[in-house]
Structures are given as structure tokens and as C-alpha cells.
Amino acid sequence: MKKLPLVLAVLIGLVDAALAAGIAFILIDPESGGKAGGAETLIAEDFEDNSRTYQELSRSASYSGIIRANAGTDAQGGSSAKYEPTPTLAPTPSVTSPGNSSETVPGMPDSDFVFPQSSTRLLTQEEMNRKLTSKETAQRAINEIYARHGYLFHQDKNAENYAYFNSKSWYVKLPKIDSQEEVRRQFSEIENANVDALIAFQNARNWG
């Protein structure tokens, strides 16, 4: 008779264990994807697991891509001057004759002149200071502007410039004009301004 309570206790224990297992089975249903209570997780049907793809990406590549994408944008979404490239100024092209980059004026080699561009652009103070180191060079810079228009240099009055310009084929071919005033009437505004600047340069150094 003493064994009966023991048997009942064992049976009750088995029933309790079965109930506990049933409850656990209901709470964690294998067919629900292992989700507690069979609750549905809100994931779109077309969701694609790309975690491996992200793991394979180089961190440096990812960060550099983010930096490039946001390089020109500040925190408010506006343009940030901090990241804008420094503008590069295009060089000013010189006036040259077609097919010969050594001639600023067609038929007149740059090497024949102190200032090859004195008929095409204004001279600067810096280049005059650099190139005009003597009275003779300063006078040659003035005379070459006249020479381009065929001014007639006299051997008895200016033997040095007479010999120099008559050694240049382009000068020999030009019709000659024996009048400074007449030649200067043919000057462009740039040439007139350069002659005046060169004379002022001479006078400032008492080279007149």
C-alpha cells in the first residue's frame, strides 16, 4: 500500500513534464521559423540577405566612396568651399604666326627683338626692369618698334642700329620711310603706349 502514493507521484510528475513540453512546443513552433509564439517577423518577401556581400567589401574602399560622394556637401546639404577644387587659370596664349611658334610677328623671328611682343601686347614694368639693363638695350627696344614699320636708319647718325637691322632679311624687304612722325602714325595703340613707356623708362634712369 505504501507503493501506491509513490506511483501516483511518478505519474503526476510525468504528466507535468508532458504538459511543460507541450507548452514549450506551442510557444516555439518549428514551422514558424523558430519565432517565439509563432509571431510573424515583418520582413519583405523580396528581402535579400546581403550580409556576406558587405563582409567582402574593403573598408577602405567603402570609406573612400563615402568621402568622394560627400566631398562637396556640408552638413546642411549645401556646397562646401572647403572641398571645392582650386580653380586653375589657363595661360594666356601668345600671338604667333601659323606653323612657326618662334615668330610672334609673321616673318620676324623672335630672336631678332628685345621684346618680340611689343607690337601685340603692353610691356610690363617687371620685364622692362629685367631686360633693359643698359641705355643701348633700351634704345634698341624703341627702335625695333620703328623698324617693324620700315623706318630708315641712317648709317652716319645711328651706325649700330643701321648695321643691326640691315642684317635682318625681314627689315631689308620692307619699304623704307625716312620720317619718324610718318612711321609713328602707322603705330597701333599698343605700339604707341609701349614706345611712351620705354621712353619714360629711359628718362627715369637718365638714359635719354
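The values are calculated or read from the model by the stated rules, or taken from the named source; none is laboratory data. Nothing here was measured: the structure is a model prediction, and the numbers come from that model. Because the Cβ atoms are built from the backbone with ideal geometry, glycine has one as well, and the counts that use them run over all protein chains shown. Surface accessibility is based on the protein's heavy atoms, side chains included, excluding ligands, DNA and RNA. Shrake-Rupley method; radii C 1.70, N 1.55, O 1.52, S 1.80 Å.
Ranked by the mean number of other Cβ atoms within 10 Å per residue, highest first, peptides 131-137, 145-151 order as 145-151, 131-137. Close amide H pairs (under 5 Å, H built 1.01 Å from N) link residue 151 with 177, residues at least 5 positions away or on another chain.
Karplus-based coupling profile of segment 143-149, in residue order and whole Hz: 5, 5, 5, 5, 4, 4, 9, with θ = phi - 60° in 6.51 cos²θ - 1.76 cosθ + 1.60 and x standing for Gly or Pro.
Hey, what did segment 143-208 get for relative contact order, percent, Cα under 8 Å, at least 6 apart?
Details: 41 pairs, mean separation 22.5, N = 66.
In percent, rounded to a whole number, it is 34.
Per-peptide packing, taken as the mean over residues of other Cβ atoms within 10 Å, places 192-198, 167-173 in the sequence 192-198, 167-173 from highest down. The residues of segment 125-208 expose on average 57 square angstrom of accessible surface per residue, using a 1.4 Å probe on protein heavy atoms.
Would you please give the FRET efficiency between residue 155 and residue 203, computed as 1/(1 + (r/R0)^6) with r the Cβ-Cβ distance and R0 = 30 Å, to the nearest 0.05? Can you show the working numbers first?
Numbers: r = 27 Å, r/R0 = 0.90.
The value I calculate is 0.65.
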